[in-house]
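Notes follow once the structure below has been shown.
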Amino acid sequence: MKLPLPAASDQTWNVDVDGREIDLPIVPISEDLAIALLMIIDVGVRFGEHVGARLAEKLRPHDPEIIVGTATLGIPVAIETTRALGLDNYVILQKSPKIHLGDALTQTITSITSTGDQRLLLDRRAVPLLEGRRVAVVDDVVASGSSLKGSIELVRQAGGTVVAAGVILTEARDWEETLGADAELIVPLAHIPQFSRGPNGWEPDPATFR
Ligand SMILES: O=P(O)(O)OC[C@H]1O[C@H](OP(=O)(O)OP(=O)(O)O)[C@H](O)[C@@H]1O
Ligand SMILES: Nc1ncnc2[nH]cnc12
């Protein structure tokens, strides 16, 4: 059987996430592009706790009153950051159209790891938690910037003010153009490049390496 994508590589990329090193598998997402994949749900609770503590430290000066995270991989980031900030409630933007989300506020997004458009949904019952509030949005990775752009727009639709956007990793630079002036909201813990094919396997693309 022919696989739709090149076989997974056995290469990894080491990144220092604000004091904690992690080896990320380099995974092809097309014939000529690979990413260093962070699966936050596979790396243990201590890494999650570290990320929450470091993001909380960097977000605290922005004085957020509530955290908003994006399903799926933004959920542990939102929970750990909320806990580390000493807050209680958080709001999760869903991607699957659950039965109670028929009248949700929506934004259309396209992330680099998924095919086709996805919808980001904000439960109208969560609007009072955001209206008139200082909000920090969080996610695991910002790459194309489409997911974060959608979450920032949803918070604004709900009447909240986005004071910062915390991410574990910025990946390459496409997000800068997608977010425009809102790119200044990004508070990252580390940066990863993207990878193109070279004579010795996947190599970091210098244009994305900073
Ligand atoms: O900047 P972008 O190109 O939008 O990429 C970043 C998004 O991609 C991943 O989500 P994914 O769409 O894979 O969904 P998941 O969290 O449900 O796995 C990740 O969790 C971010 O939300
Ligand atoms: N490197 C990465 N790891 C996990 N999710 C991602 N979404 C976009 N880039 C990603």
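What the table below lists for this structure:
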read-out	value
Calculated Rg and Dmax of the chain using C-alpha coordinates, Å	17.2, 55
Beta bridges by DSSP in the chain, antiparallel share as percent, to the nearest 5	50
Distant-in-sequence amide H partners of I192 (H built 1.01 Å from N, under 5 Å)	T170, E171, A172
For segment 22-29, 3J(HN,Hα) per residue [Karplus equation, 6.51 cos²θ - 1.76 cosθ + 1.60, θ = phi - 60°, Hz, x = Gly/Pro]	9, 9, 9, x, 8, 10, x, 10
Backbone N under 13 Å from the D88 label point (7 Å along Cα→Cβ), restricted to segment 130-150	none
Cβ-Cβ FRET estimate between E177 and A71, R0 fixed at 30 Å, reported to 0.05	0.75
Förster-model FRET efficiency, 35 Å R0, H191 and K98, C-beta, rounded to 0.05	0.55
Mean separation of Cα contacts under 8 Å (6+ apart) over length of the chain, as relative contact order %	19
For F195, net neighbour charge (Lys/Arg +1, Asp/Glu -1) across residues whose Cβ lies under 13 Å away	-4
Residue (of G201, L73, T12) at the positive-pole extreme of the chain, dipole from beta-carbon charges	L73
Residues with amide H under 5 Å from that of I35, placed H, sequence gap 5 or more	V27, I29
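Computed from the coordinates by the stated procedures, all read-outs in this text should not be read as laboratory data. Computed from a predicted structure; not experimentally measured. Quick reminder, even Gly has a Cβ in these numbers, built from the backbone with ideal geometry, and neighbours come from all protein chains shown.
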